[in-house]
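Student: Provided herewith is a single structure, encoded as structure tokens, for subsequent inquiry.
The values are calculated or read from the model by the stated rules, or taken from the named source; none is laboratory data. Predicted model, so just to flag it, every value in this text is computed and none were measured. Note: ideal-geometry Cβ built from the backbone for every residue, glycine included; neighbour counts use all protein chains shown. Protein only, heavy atoms only, side chains kept; ligands, DNA and RNA dropped before computing areas. Shrake-Rupley method; radii C 1.70, N 1.55, O 1.52, S 1.80 Å.
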Amino acid sequence: MNERTLKAAFSEGLLGWYKVAKRDLPWRRSRDPYHIWISEIMLQQTRVDTVIPYFNRFVERFPTVADLAAAPEEDVLKAWEGLGYYSRARNLQAAAREVTERYGGRVPDDKAAVSGLKGVGPYTSGAIMSIAFNRPEPAVDGNVMRVLSRYFCIDEDIARPATRIGMEGLARKLIPEGEAADFNQALMELGAMICTPKSPSCLVCPVMEHCQGRQAGREEELPIKTKAKPPKPQYRLAALTLDASGRVLVRQRPEQGLLARLWELPHAEIPDAEQWRSAEAAPALFEAAMAAEGLAIRAERHIADAEHIFTHLHWYVRVWTAELTDGGEAAGTGSGSLPEGYRWIGPAEFEQLAWPNLFRKLLAQHFSGALEAAAGAERRI
DNA sequence: AAGGCGGGGGC
DNA sequence: GCCCCAGCCTT
């Protein structure tokens, strides 16, 4: 079979399968390019099942581009809480403001304009142009690279940017006339449902017959991908500090970087794991580290441990109860002696602010009494 | 080209 | 435990 026939068989088989097998997803019930856009940003590095509830809440809370553009940033962050990669939320709102001001609140049917929006890269621009406007642009994500690597038995490392460029050229040629929206979604659907990373379901695959990877017996070893580096361990101590009325001392993270603008318990890295672990050495190191950030505390008692794995970091977080050492003024009614970004919160404020999952879980346990109960049980042993 | 940037599901 | 996911941005 020649190359042209191989491609035609692929496109026809895949498209025919998709038209009868496609999943009923919330954003597929809409033709609104704004909805397509929201869904594609949320779906970056995030699974469909995770995105669905976020998508539904988000479009209800921000029904139009103008609503999103006009919303307080903290509202957008709260709507994104738990979804991860929070720069997506900030970029999305910045882009919504650009669409409102420059394009009258409508997502432009223009490849260059869409590509220029913050948070929209090669994949997402192709997805919006094809799915929302049926333009024949490729939308090459991890699914597509896996499917194409297998079907055409391509050995190139999909971690290399150059490989994605090549895949885009191939994917562009595969789009059947006038079928960009369905075909691009079919490619991703096949990758998600049939041509999975592990144990692909070749026997029910609509294009198995001509799959070059399977014919070579290599469907399990493709695609080729260089391994990611393991996350770097970081040992951190966090302070659970209460005032007289039971409120908890928390702080907001900086505007840039990891977990930007989310809220957290005050904490500091202890570079030496052994010292971090040591009940004798840890308090003084913790107190010094917090003092360097302008917060004078005394660490009292180890109360909980938590772990959180990011793509590039592995946090080991040990929570100590703590007290402010600069007298009652800081623990009072917010007289201003707290460092910038710090505040006292009760259960009501806890629900309003946006937290990374690690601290959301810890504080939820504290406010429900579970944290102290567990520590008390441990102490009795 | 490499690294920063979350969180969860599947096996 | 390990892998990977409907990636983008900065350097």
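Student: So which of A:R4, A:R29, A:R23 is surrounded by fewer than 19 Cβ atoms within 10 Å (Cβ to Cβ) and either of a type in the set (G, A, S) or in contact (Cβ under 8 Å) with a residue 24 or more places away in the chain (or both)?
Tutor: Exactly one residue qualifies, and that residue is A:R23.
Student: For region A:293-305, give me each residue that is in a strand (DSSP E or B) and either closer than 15 Å to A:T241 by Cα or open to solvent by less than 20 Å² (accessible area, probe 1.4 Å) (or both).
Tutor: A:I297, A:R298, A:A299, A:E300, A:R301, A:H302, A:I303, A:A304, listed by residue number.
Student: Check off (1) at pLDDT 95 or above; (2) closer than 30 Å to A:M1 by Cα; (3) outside the structural domain of A:W80 (by TED's automatic domain parsing); (4) of a type outside the set (F, W, Y) for A:K225 and give me the number that stays unchecked.
Tutor: (1)
Student: Next question, about the same structure. For region A:256-270, give me each residue that is farther than 21 Å from A:E351 by Cβ and either in contact with a strand residue (DSSP E or B) (Cβ under 9 Å, 6 or more places away or on another chain) or among the β-branched types (V, I, T) (or both).
Tutor: Matches in region A:256-270: A:L258, A:H267, A:A268, A:E269, A:I270.
Student: Determine if region A:234-250 includes at least one residue that is within 16 Å of DNA strand C (Cβ to nearest atom), open to solvent by 10 Å² or more (accessible area, probe 1.4 Å) and hydrophobic (A, V, I, L, M, F, W, C).
Tutor: no
Student: Could you tell me whether region A:39-59 includes any residue that is within 16 Å of DNA strand C (Cβ to nearest atom), open to solvent by less than 30 Å² (accessible area, probe 1.4 Å), closer than 16 Å to A:A181 by Cα and assigned by TED's automatic domain parsing to the domain that holds A:M167?
Tutor: yes
Student: Provide a single number: the residues in region A:91-115 that are open to solvent by 20 Å² or more (accessible area, probe 1.4 Å), under 24 Å from A:L258 (Cα atoms) and either near DNA strand C (Cβ under 10 Å from one of its atoms) or in contact with a strand residue (DSSP E or B) (Cβ under 7 Å, 6 or more places away or on another chain) (or both).
Tutor: 2
Student: Based on this model, can you work out whether A:L148 counts as more than 9 Å from DNA strand C (Cβ to nearest atom) and either under 27 Å from A:S199 (Cα atoms) or touching a helix residue (DSSP H, G or I) at 6+ places or on another chain (Cβ under 6 Å) (or both)?
Tutor: It is true that A:L148 is more than 9 Å from DNA strand C (Cβ to nearest atom) and either under 27 Å from A:S199 (Cα atoms) or touching a helix residue (DSSP H, G or I) at 6+ places or on another chain (Cβ under 6 Å) (or both).
Student: Within region A:263-282, how many residues turn out to be open to solvent by 20 Å² or more (accessible area, probe 1.4 Å) and under 11 Å from A:A238 (Cα atoms)?
Tutor: Final tally of qualifying residues: 1.
Student: Can you tell me how many residues in region A:232-258 are in a loop (DSSP other than H, G, I, E, B) and either small (G, A, S) or not assigned by TED's automatic domain parsing to the domain that holds A:L338 (or both)?
Tutor: Matching residues across region A:232-258 total 4.
Student: For a quick check of your reading: which helices (runs of 4 or more DSSP H) sit entirely within region A:96-193 and have at least 2 residues that are touching a Cys at 6+ places or on another chain (Cβ under 9 Å) and within 16 Å of DNA strand B (Cβ to nearest atom)?
Tutor: Correct list: A:142-151.
Student: Taking region A:159-187 as the region of interest, how many residues are crowded, with 22+ Cβ neighbours inside 10 Å and within 11 Å of DNA strand C (Cβ to nearest atom)?
Tutor: Qualifying residue count, region A:159-187: 3.
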